[in-house]
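**Q** To start, I am sharing the structure in question, which I have written as structure tokens.
The values are calculated or read from the model by the stated rules, or taken from the named source; none is laboratory data. Predicted, not measured: the structure shown is a model, and the values here were computed from it. Note that each Cβ is placed from the backbone with ideal geometry, even for glycine, and that neighbours are counted across all protein chains shown.
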2 protein chains.
Amino acid sequence: MSGATTRAHIVDAADQLFYQHGYEHTSFAAIADAVQLSRGNFYYHFKSKDDILDAVISARLARTKHMLEQWEAEEVDPACRVRKFVHILLTNRVDIQSYGCPVGTLTTELAKLRHASFAEANGLFTLFRAWLRDQFVLLGHDAAADSLAMHLLAFSQGVATLANAFLDEEFVRREVQQMCDWLSAQTATAERGVHGRHEQTSA
Amino acid sequence: MSGATTRAHIVDAADQLFYQHGYEHTSFAAIADAVQLSRGNFYYHFKSKDDILDAVISARLARTKHMLEQWEAEEVDPACRVRKFVHILLTNRVDIQSYGCPVGTLTTELAKLRHASFAEANGLFTLFRAWLRDQFVLLGHDAAADSLAMHLLAFSQGVATLANAFLDEEFVRREVQQMCDWLSAQTATAERGVHGRHEQTSA
DNA sequence: GTCTATAATATGATAGAC
DNA sequence: GTCTATCATATTATAGAC
């Protein structure tokens, strides 16, 4: 097997295991088992476990960037794009109920470990935050765009955490519905703001 | 030192360390260091690390129960009580920014570990959930009370996770303010419901 | 009730053969 | 590029002295 391919396989397996069992709880042995490789051989591809983590984060960043670009390509209406974000809670519901949000749970774990890669992992949040902000700017919420983006991120994290804790599908559907309703109201407000009166400042 | 006292000290230290660094990342050595005791002596008080976890969860459950009773004693108005819950995000803001929510982060970690004590840890969420539900019932939201309780829990988890990720005090204050405003609107709705028309069903 | 060994295991990481 | 040892360390847990 070529070096690049093996490396990609390792990153893939580590990505899944870090998500499912957490970074610290995932041992080299577990990754080796998943890719059917000897432990020793790992160090040909990565110099340490932290190195694998960095590779996993890079892969997630690239994948997320690509997904957000896809969303922009698929939907021209920024309101629809934002709804697409809200709906990942349903799209990934089963995994979220089992393992929580891959972004939130990794960030939380690395924060507790005071891990050097905390900032890189947080870059995943920043990617979503900036993308959502852009959509809200397009919707006319200039000053409040970033606050709205953070509000949506908080919503998704809260729902993911409780979905994982209570394994309650109805709860997830209800919250997604409520958020979509709220978004429609916000969009209507922005429209009025654009056409009629000045946009309110954030906070 | 008496057995009961030493045991309480161990639980205290473990409680803090589990919160600050996570359950798995906290070693016996770290707890021993904190309470100035030899590793070996631990097994006189607890038969395993999981046993300490159970003791920590029990302590947290008792402490939380007591706190909720205090809140009920201090405020007669259920709306004020609910606001008290929302305001823990400000009361514990510094710790939350550093380590996240003690309930949410433990539950998330134990879920990933598929740990036997996951259900017990989740009891902390259930405690808040039931208490909040009771307050909303008192406010006249009979059918929607549990949904509202879950909504508030999700809110607090989302804000805590992002506060931990972005260390943004203004974000926390803004979200707390928004939630309090939303609660006032909900309370007003319930009042109208009680005096004028039938309460809406959940969902 | 607390201590000092010490066992048993698992981990991240290295060396060197093929 | 992959393997089989092997190391050093850290972990949970036990045994037995005081």
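**Q** If you check every pair at least six apart or on different chains, which have Cβ atoms under 9 Å apart with a residue in the range A:103-126 that is at pLDDT below 95 first and a residue that is in a helix (DSSP H, G or I) and charged (D, E, K, R) second?
**A** Correct list of pairs: empty, since none qualify.
**Q** Considering only residues that are among the hydrophobic types (A, V, I, L, M, F, W, C), touching a residue at least 12 places away in the same chain (Cβ under 8 Å) and closer than 27 Å to B:TYR19 by Cα, which ones fall in the range A:127-164?
**A** A:MET150, A:LEU152, A:LEU153, A:PHE155, A:VAL159, A:ALA160, A:ALA163 - these are the residues of the range A:127-164 that are among the hydrophobic types (A, V, I, L, M, F, W, C), touching a residue at least 12 places away in the same chain (Cβ under 8 Å) and closer than 27 Å to B:TYR19 by Cα.
**Q** Also: Suppose we filter the range B:35-45 for residues that are within 13 Å of DNA strand D (Cβ to nearest atom) and aliphatic (A, V, I, L, M); how many remain?
**A** Within the range B:35-45, residues that are within 13 Å of DNA strand D (Cβ to nearest atom) and aliphatic (A, V, I, L, M) number 1.
**Q** Now a separate question. Name every residue in the range B:32-49 that is hydrophobic (A, V, I, L, M, F, W, C) and part of a helix (DSSP H, G or I), in order of residue number.
**A** Matches in the range B:32-49: B:ALA32, B:ALA34, B:VAL35, B:PHE42.
**Q** To continue, here is another question. Here are A:ALA29, A:ALA13, A:ALA4: which of them is under 23 Å from A:THR105 (Cβ atoms), small (Gly, Ala, Ser) and either in a loop (DSSP other than H, G, I, E, B) or more than 8 Å from DNA strand C (Cβ to nearest atom) (or both)?
**A** After applying the criteria, what remains is A:ALA13.
**Q** Could you check the range B:46-87 and list, in sequence order, the residues that are more than 16 Å from DNA strand D (Cβ to nearest atom) and of a type in the set (Gly, Ala, Ser)?
**A** B:SER58, B:ALA59, B:ALA62, B:ALA73, B:ALA79
**Q** Additional query: It is to be established whether one or more residues within the range A:80-87 are under 15 Å from the mean Cα position of the chain (by Cα) and closer than 30 Å to B:PHE18 by Cα.
**A** No, because not a single residue in the range A:80-87 is under 15 Å from the mean Cα position of the chain (by Cα) and closer than 30 Å to B:PHE18 by Cα.
**Q** So which of B:ARG60, B:ARG81, B:ARG39 is surrounded by 12 or more Cβ atoms within 10 Å (Cβ to Cβ), within 15 Å of DNA strand C (Cβ to nearest atom) and of a type outside the set (Gly, Ala, Ser)?
**A** B:ARG39
**Q** Going by what's in this entry, would B:ALA165 be described as at the interface with chain A (Cβ under 10 Å from one of its Cβ atoms) and more than 14 Å from the chain's Cα centre (by Cα)? Give the steps one after another, and end with the answer.
**A** Details: at the interface with chain A (Cβ under 10 Å from one of its Cβ atoms): yes; more than 14 Å from the chain's Cα centre (by Cα): yes.
Yes, satisfied.
**Q** Moving to a separate point now. Residue check: is B:LEU110 within 11 Å of another protein chain (Cβ to nearest Cβ), part of a helix (DSSP H, G or I) and not basic (Lys, Arg)?
**A** Taking the combined requirement at face value, the residue satisfies it.
**Q** Here's something else I'd like to know. Is at least one residue of the range A:23-31 farther than 21 Å from B:LYS112 by Cβ and within 19 Å of the chain's Cα centre (by Cα)?
**A** Looking through the range A:23-31, none of the residues is farther than 21 Å from B:LYS112 by Cβ and within 19 Å of the chain's Cα centre (by Cα).
**Q** Look through B:HIS151, B:HIS141, B:HIS115 and report the one residue that is within 12 Å of chain A (Cβ to nearest Cβ) and assigned to a loop (DSSP other than H, G, I, E, B).
**A** B:HIS115
**Q** How many of the residues in the range A:96-106 are facing chain B (nearest Cβ under 7 Å) and surrounded by fewer than 24 Cβ atoms within 10 Å (Cβ to Cβ)? Steps first, answer last, please.
**A** The first filter runs over the range A:96-106 and keeps only residues facing chain B (nearest Cβ under 7 Å), leaving A:99-100, A:104-105.
Pick out the ones that are also surrounded by fewer than 24 Cβ atoms within 10 Å (Cβ to Cβ) and you get A:99.
Residues flagged as facing chain B (nearest Cβ under 7 Å) and surrounded by fewer than 24 Cβ atoms within 10 Å (Cβ to Cβ) within the range A:96-106 amount to 1.
**Q** Regarding B:TYR23, is this residue within 16 Å of DNA strand D (Cβ to nearest atom), of a type in the set (Phe, Trp, Tyr) and modelled with pLDDT of 95 or more? Give the derivation first.
**A** Values: within 16 Å of DNA strand D (Cβ to nearest atom): yes; of a type in the set (Phe, Trp, Tyr): yes; modelled with pLDDT of 95 or more: yes.
Yes: the conditions hold for B:TYR23.
**Q** Do you know which residues across the range B:52-82 are in a helix (DSSP H, G or I), without any contact (Cβ under 8 Å) to a residue 12 or more places away in the chain and more than 18 Å from B:THR126 (Cα to Cα)?
**A** Answer for the range B:52-82, where residues must be in a helix (DSSP H, G or I), without any contact (Cβ under 8 Å) to a residue 12 or more places away in the chain and more than 18 Å from B:THR126 (Cα to Cα): B:ALA73, B:GLU74, B:CYS80.
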